[in-house]
Every structure is written in C-alpha cells, then in structure tokens.
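Structure, as structure tokens:
The values are calculated or read from the model by the stated rules, or taken from the named source; none is laboratory data. The model shown is predicted, which means the values in this text are computed figures rather than measured ones. In this analysis, Cβ positions are derived from the backbone assuming ideal geometry, glycine residues included, and neighbour counts consider all displayed protein chains. Heavy atoms of the whole protein, side chains included, go into the accessibility calculation; ligands, DNA and RNA do not. Shrake-Rupley method; radii C 1.70, N 1.55, O 1.52, S 1.80 Å.
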Amino acid sequence: MTTPQDSTTYDVIVVGSGAGAMLTAARAHDLGLSVLVVEKSDKYGGTSAVSGGAIWIPNNSQMKIKDSYDDALAYVKAATRGLVAEDRLHAYLDSAPQMVEYINSKMTLNYFPCHRYPDYYQHLPGSRPGGRTMEPNLFDASLLGEEFDNLRLSYNGTLLMGKASMTATQAHVMLSKQPGWMLQVMKTLGRYFLDIPWRLKTKHDRIRGLGNAMAAGLRHALLVRKVPLWLNTPFESLTTEGGRVTGIVVKRNGQTLTLTARRGVVLGAGGFERNQQMREQYLPKPSKAE
C-alpha cells in the first residue's frame, strides 16, 4: 500500500479537504488502500472547518435517554416528507453510529452527545429532546505541528471574546447563564491567556473547538496515517477509459498533472449550488442559483 508522497498513481484519490473528504481518505487508508487528497485552496478544512462541527447520530451508544432505530426512521421519514428514498435513510441510520464509533476508537478526534440539544422538529413522530446531535471535544492543534498554519481557522464570532475556543455545550452554558457559567468563562479565558508558550508563537488558540476541532482532528488522522494532502492543487477534470473513471487532471505548481486512481475517485469538494444546469437536472423545481 505504501506510495511515495509525490507519486501520480494511487488506489483512491479524494478531491477536497472538508470533513467528508478527509474522513473518507482515512477510512480508505485503514482498508489497505493508498490515498491522495487534493485541495484547490491554500488551506484545508473547507466550510467544515468554520462550521459548528455537529453531526446528527440517532441511536448512538452515548445517549442518556432511550432511543431506537424504528423511532429514528419514523423521524427522518417524516422530516424528509418522502423526498428521500427509504433505502438511503436506512443506509444513514445503519452507518452513522458505526462512523462515530470508528472516529472515537481510531482517531484522536472524539465526539460526544449534546444531551440538551433537541431534534429540530419536536412535533414529529420519533423525535428526541436531546442526545442525537453530537459534537467534537476540544482538540489540541499543537499535534498538527507545522500543519496548524494551513488549517482554515474559525471565525472570530465563534470564539469567546474572539480569542478562546469552546464547545457548543460550553457556549450554551455561558450564553444562557446556567449555574457555573461565570466559572466556565474564567476557565476558558484562563486556559487561553495562561498558555504562555503558545501565546509567544501566535494569537490563535492552540485548543480548537466546533468545526475547527473536527477539521484539525481529521487532518491529524491523515498525518498519523501518512496520507498526503496537496494544497494549491485545483481539480480540473476527470479522466475516463471505456466509460470508467481512471483518475483526475489537476493544476500543481503551475503545471497540468494527470493522476491515476486504480480503484476510484471521490469527489468531496462540495456541491453545485452555482451551476444552474445541474440544479435544474438534479434538484426539485423550481431551482435558481441566485
């Protein structure tokens, strides 16, 4: 499986470096495949890195209240109003808890349930008042070494006083002024300001939360696995042979480069929101990009 970092042939090539892309790359590696990740920008993490980082995982093993597969299915069927094929709903409900167990057991990144974060549609059958939404624990980004500088950082509005990272659970305690909220504020700011060796290096918090914890944790998983991630490498097109995708064409260091994928290409670079032709072809009508 070992492949040189500058090779042009891999088992799997992943386009994009958001959460789905990096998790796919880590999983492919763990299945014994050689993997390359390509990212068009000079930062990895995509919109995942500036998101809340939460994922909806019904019937997860850490829930404090009782949940069931049947109730989760009833809820998503009602919420999607028949617009999603039932086999896709089953695929999600089958694999989502397994995915979290994989992350928590195989990576430094760790997810925990938000016990007071309810399902959005409480009036629908099968809903739960909390525990299905999970978020990442704070992540020590010093584990990234020099790759910390390439992480797409959080927006200041998601940081305490624009400086210190926090989980959504901690933010909820502080914003709603629950018992102990002031102590939480002091601990969070104290952790930031007393991290003196790191403060001498950068104003950015060493501890990352929300989507930044997710992106940093997944990048660390790739570093541990020695999966290469090429920044500043925009995807240009797919290559095909006999109706089968065989690789991709990218731009790297000002040159056009053809990369071969022996087993497959994963397009994890986002959607097609700005492509009106694809919106009309694949999305419910009416659909307008602007």
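Observations on the structure shown:
- When residues of the range 231-248 are limited to those that are among the aliphatic types (A, V, I, L, M) and either within 25 Å of the chain's Cα centre (by Cα) or in a loop (DSSP other than H, G, I, E, B) (or both), the one farthest from Ser7 (Cα to Cα): Leu238
- Unmet requirement for Ser61, which otherwise passes all of (1) of a type in the set (Ser, Thr, Tyr); (2) in contact with a strand residue (DSSP E or B) (Cβ under 9 Å, 6 or more places away or on another chain); (3) over 27 Å from Val265 (Cβ atoms): (2)
- Taking every residue in the range 171-188 that is free of Cβ contacts under 8 Å to residues at least 60 places away in the same chain and pairing it with any residue that is surrounded by 11 or more Cβ atoms within 10 Å (Cβ to Cβ) and basic (Lys, Arg), at least 6 positions away or on another chain, the pairs with Cβ-Cβ distances below 8 Å are His172/Arg116.
- Flag if Gly162 is part of a loop (DSSP other than H, G, I, E, B) and crowded, with 19+ Cβ neighbours inside 10 Å: no
- The single condition among (1) open to solvent by less than 30 Å² (accessible area, probe 1.4 Å); (2) out of contact with any strand residue (DSSP E or B) (no Cβ under 7 Å at 6 or more places or on another chain); (3) among the small types (Gly, Ala, Ser) that Gly217 does not satisfy is (2).
- Condition met for Asp67 (over 21 Å from His220 (Cβ atoms), surrounded by fewer than 23 Cβ atoms within 10 Å (Cβ to Cβ) and at pLDDT 95 or above): yes
- Pick from the range 121-134, criterion more than 20 Å from the chain's Cα centre (by Cα) and in contact (Cβ under 8 Å) with a residue 40 or more places away in the chain, ranking: nearest to Leu73 (Cα to Cα): Gly126
- Ser142 being polar (S, T, N, Q), farther than 20 Å from Ala79 by Cα and either open to solvent by less than 30 Å² (accessible area, probe 1.4 Å) or part of a strand (DSSP E or B) (or both): no
- In a residue-by-residue description of the range 26-41, the property of being closer than 17 Å to Val224 by Cβ, out of contact with any Asp or Glu (no Cβ under 7 Å at 6 or more places or on another chain), open to solvent by 50 Å² or more (accessible area, probe 1.4 Å) and not aliphatic (A, V, I, L, M) applies to at least one position.
- Residues (part of a strand (DSSP E or B) and among the small types (Gly, Ala, Ser)) located in the range 249-264: Ala261, Gly264
- Residues in the range 236-276 that are open to solvent by 100 Å² or more (accessible area, probe 1.4 Å), within 17 Å of Ser41 (Cα to Cα) and either free of Cβ contacts under 8 Å to residues at least 60 places away in the same chain or of a type in the set (Val, Ile, Thr) (or both): Asn253, Gln255.
- Only a single item in (1) open to solvent by 70 Å² or more (accessible area, probe 1.4 Å); (2) closer than 30 Å to Asn253 by Cα; (3) not aliphatic (A, V, I, L, M) is not met by Arg88, and it is number (2).
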